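All remarks here apply to the structure that follows.
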């Protein structure tokens, strides 16, 4: 009887073809690999560029030096006329995933209430704050007075502040991150932006 298809000499089945050595090693390694283990969720890397500043002047009734890596964004539709009563602005830090929300209001016999409201907002963080440090701002020549509050701990806003000329203008600001509060992970960036806001307060002038 003739040999069937694929039969070797003498009717024996053909030998399997030899596999290349690199492919054999790859198959052996893949068969011994361990099950993948999910990595713990971490915080994204946040950039810390060089601390440089530039003068900013917009429709809001003040001017100051702001970080060059931040975007100074006034509320759409803001004009010098309506900003004289109330002006809303955001310092956006794209690389640091942070925002500083600013509200500038015209004082209408309510300075005491505005200051009390600023302190009340700061006090909301005391339950989770490890410590709150206050720093007075007194620039008599520019009529800029106020207080900066460093709120330490896993809080929503690690820095709040207010600045005023005591007669006409009152500016309130608060820092927020686009991330769940974690003081240890965010500390390098928080420290930098706190210094940026101190520089802002030191260079602010009313208009």
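Taking a ≥ b ≥ c as the square roots of the eigenvalues of the alpha carbon gyration tensor, the range 53-199 is oblate, as a/c is not under 1.5 and a/b does not beat b/c. Multiplying the residue separation of residue 207 and residue 139 by 0.36 nm and subtracting their alpha-carbon distance yields 22.9 nm. Modelled this way, with points 7 Å down the Cα-to-C-beta line, the labels at residue 198 and residue 180 are 3.1 nm from one another.
Sort 161-169, 134-142 by packing, meaning the average of other beta carbons within 10 Å per residue, with the highest value first.
161-169, 134-142
Placing a label point 7 Å from the Cα of residue 101 along the Cα-to-Cβ direction, the residues of the range 178-194 with a backbone N closer than 17 Å are 178-181.
Read-outs throughout are calculated quantities, based only on the coordinates presented, and are distinct from any laboratory measurement. What you see is a predicted model; the values in this text were computed from it and never measured. All Cβ positions, glycine included, derive from the backbone under ideal geometry; neighbour counts span all protein chains shown.
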